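**Student:** Here you go, one structure.
The values are calculated or read from the model by the stated rules, or taken from the named source; none is laboratory data. Only a predicted model underlies this, so the values are computations on that prediction, with no experimental measurement involved. As a convention, Cβ positions derive from the backbone with ideal geometry for all residues, glycine included, and neighbour counts pool all protein chains shown. Please note that ligands, DNA and RNA were not included when accessible areas were found on the heavy atoms of the full protein model with its side chains. Shrake-Rupley method; radii C 1.70, N 1.55, O 1.52, S 1.80 Å.
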Amino acid sequence: MPARTRPLSPHLSVYRWQIGNSLSILHRITGAALGLGLLALSYWLVSLAGGEESFRTAQRVLSSPVGTACLIAWTFAFLFHLLNGVRHLFWDLGLGFERTQRHLSGWLAVLGALLLTAGAWAMLWHGGRP
Amino acid sequence: MSLRSPLGKVLGTGSAKKGTEHWWAQRLSAVALIALTLWFFFSLLLLPALDYMTVRAWLSVPLTAFLAVLLIAVAAYHSYLGTDVIVEDYVHAAAPKLFLLLALRFVYVLCAGAAIFSILRISFGS
């Protein structure tokens, strides 16, 4: 049977970018990123069980410029996925569907995640941490 | 108004006979992860340092090890449910799709298994 070129759903290219679909996509991207973060967390725990030497190696990898960038990105991904996930759970209960509620909770999730990420890293860097 | 048939409701099935289970598992694991991830995040943040001795001593506490095992298990499960959907959504050719779905299962079991085994090793002091 010849393959027909039928239009595929969703028609991503015809959507106007707005808070709703942007955050929906960001939720999926951060979720996928956190899957990789779980790999890193596992590596960190394995290195901890392996002894002081292997833990120091892991800490060196994670505190390198690339490692730090990844950790900051994972912090944001975690906090956003958490806050936006709570938003989804409220929707599952049938709450918060009004236009203003949707927009407000969406911006709260983004800004909350950004602020908490900044706060967490300020604590890590100014608390005399390695 | 519900779009589900009365029989489907009784049997707990969705249009593909199993959609509701996946949906519920994702939500329940999400609710559990709210508590588990927040505990882990703030515990790490509030440790006096993140050096070998401090982190190991922290993870040696039975309650910490117990919660950490739960966190890894539930997070891996939730992540597996989510990445499965991503693969199903974007990978349409049968062979690559099957390969990715199976590979992801192996990666998650391997990764969670190694992490949980490590926590237990530290907790039981070997």
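**Student:** Report, by residue number, each residue of the range A:93-130 that is open to solvent by less than 70 Å² (accessible area, probe 1.4 Å), under 24 Å from residue B:78 (Cβ atoms) and assigned to a loop (DSSP other than H, G, I, E, B).
**Tutor:** Residues satisfying the conditions are A:94, A:96.
**Student:** OK, next. Just one of the numbered conditions (1) at the interface with chain A (Cβ under 10 Å from one of its Cβ atoms); (2) in contact (Cβ under 8 Å) with a residue 24 or more places away in the chain; (3) closer than 30 Å to residue A:125 by Cβ is not true of residue B:80; which one?
**Tutor:** Only one criterion in (1) at the interface with chain A (Cβ under 10 Å from one of its Cβ atoms); (2) in contact (Cβ under 8 Å) with a residue 24 or more places away in the chain; (3) closer than 30 Å to residue A:125 by Cβ is unmet by residue B:80, namely (3).
**Student:** Limited to the range A:30-42, what total is found for residues that are closer than 16 Å to residue B:109 by Cβ and either more than 8 Å from chain B (Cβ to nearest Cβ) or small (Gly, Ala, Ser) (or both)?
**Tutor:** Residues meeting the conditions: 2.
**Student:** Follow-up question, since we're still on this one. In the range B:49-65, how many residues are surrounded by 12 or more Cβ atoms within 10 Å (Cβ to Cβ) and touching a residue at least 60 places away in the same chain (Cβ under 8 Å)?
**Tutor:** Of the residues in the range B:49-65, 3 are surrounded by 12 or more Cβ atoms within 10 Å (Cβ to Cβ) and touching a residue at least 60 places away in the same chain (Cβ under 8 Å).
**Student:** Against the condition in contact (Cβ under 8 Å) with a residue 40 or more places away in the chain and not polar (S, T, N, Q), how does residue B:116 come out, does it pass?
**Tutor:** yes
**Student:** Within the range B:83-119, work out how many residues are away from chain A (no Cβ under 12 Å) and either assigned to a helix (DSSP H, G or I) or in contact with a Cys (Cβ under 9 Å, 6 or more places away or on another chain) (or both).
**Tutor:** Number satisfying all stated conditions: 13.
**Student:** To continue, here is another question. With A:13, A:9, A:54 as the choices, which residue is modelled with pLDDT under 95, assigned to a helix (DSSP H, G or I) and of a type outside the set (Lys, Arg)?
**Tutor:** The unique qualifying residue is A:13.
**Student:** Give the residues of the range A:76-92 that are aromatic (Phe, Trp, Tyr) and open to solvent by less than 20 Å² (accessible area, probe 1.4 Å), sorted by residue number.
**Tutor:** Across the range A:76-92, the qualifying residue is only A:80.
**Student:** Any chance you could count how many residues in the range A:59-89 are of a type in the set (Ser, Thr, Tyr) and touching a residue at least 24 places away in the same chain (Cβ under 8 Å)?
**Tutor:** So the answer is 2.
**Student:** Scan the range B:10-34 and report the pairs whose first residue is assigned to a helix (DSSP H, G or I) and whose second residue is open to solvent by less than 80 Å² (accessible area, probe 1.4 Å) and at pLDDT below 85, with Cβ atoms within less than 8 Å and a gap of 6+ or a chain change.
**Tutor:** Every condition considered, the pairs that remain are B:19/B:13; B:20/B:12; B:20/B:13; B:20/B:14; B:21/B:12; B:23/B:14.
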